[in-house]
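The values are calculated or read from the model by the stated rules, or taken from the named source; none is laboratory data. Note that the structure is a prediction, hence the values are computed from the model and not measured. For neighbour counting, all protein chains shown are included, and Cβ atoms are generated from backbone atoms with ideal geometry for every residue, glycine included.
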Amino acid sequence: MKGVRIEVVGWDEAEARVMPVRTGVFVVEQGVPEEIERDAFDAVCRHAIAHDAEGRVIATGRLLPDGHIGRMAVLREARGAGVGGAVLQALIAEAARRGLNEVALNAQTHALDFYLRHGFEPVGEVFMEAGIPHRAMRRPV
């Protein structure tokens with residue numbers, strides 16, 4: 001997608017901008033209860049924010065201090081254009097800047113191929129999280 005800009009910021013800068021994307025994708029589209037979509041980890045994470053050419057926030061993801069990536073969300077109209085991959089790469093680069101050797105995530109099973117293309121390997125069996133099947137994945141930084 002042309003003109004996409006990614007920034008990685010703290011929660012104070014991210015919250016108001018990323019929550020509409022996360023709510024739209026997780027709560028509205030996927031039916032995740034709103035009360036579990038937010039958690040105390042947001043405040044200690046680094047948040048990647050993708051903006052389109054007009055400056056609208058179209059995707060996000062977060063990196064926990066221990067190297068876990070989560071809350072990857074791309075607005076429907078921006079999917080399939082490489083925006084999610086750009087957000088993921090920004091989070092992996094942030095993990096490298098922080099001296100981490102590995103990143104991990106819990107992938108929704110419908111997105112396994114996406115993460116495999118980005119060097120992640122599955123770990124363990126499929127499990128349910130927020131009523132959605134997931135699989136743990138890891139990759140070196």
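Here is how the numbers come out for the structure above:
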item: Given (1) surrounded by 12 or more Cβ atoms within 10 Å (Cβ to Cβ); (2) at pLDDT 95 or above; (3) under 16 Å from Arg17 (Cβ atoms), number of the condition Glu37 does not satisfy; result: (2)
item: Which listed residue is touching a helix residue (DSSP H, G or I) at 6+ places or on another chain (Cβ under 6 Å), charged (D, E, K, R) and at pLDDT 95 or above, from Asp12, Asp42; result: Asp42
item: Subset tally (residues that are among the hydroxyl-bearing types (Ser, Thr, Tyr) and within 23 Å of Pro65 (Cβ to Cβ)) for region 86-141; result: 1
item: Single match in Ala73, Ala95, Ala107 (criterion: in a helix (DSSP H, G or I) and small (Gly, Ala, Ser)); result: Ala95
item: Selection from region 110-133 of residues that are of a type in the set (Asp, Glu), assigned to a strand (DSSP E or B) and at pLDDT 95 or above; result: Glu121, Glu125
item: Long-range neighbours under 6 Å by Cβ, at least six apart or interchain, first residue under 14 Å from Cys45 (Cα atoms) and free of Cβ contacts under 8 Å to residues at least 24 places away in the same chain within region 78-94, second part of a loop (DSSP other than H, G, I, E, B) and of a type in the set (Gly, Ala, Ser); result: none
item: Criterion: within 22 Å of Gly124 (Cα to Cα) and surrounded by 14 or more Cβ atoms within 10 Å (Cβ to Cβ) - qualifying residue of Val103, Val74, Val83; result: Val103
item: Criterion (surrounded by fewer than 19 Cβ atoms within 10 Å (Cβ to Cβ), touching a strand residue (DSSP E or B) at 6+ places or on another chain (Cβ under 6 Å) and touching a residue at least 12 places away in the same chain (Cβ under 8 Å)) met by exactly one of Thr109, Thr60; result: Thr109
item: Filter result (touching a residue at least 12 places away in the same chain (Cβ under 8 Å) and either among the charged types (D, E, K, R) or not in a helix (DSSP H, G or I) (or both)) within region 14-37; result: Glu15, Arg17, Arg22, Glu29, Gln30, Gly31, Val32, Pro33, Glu37
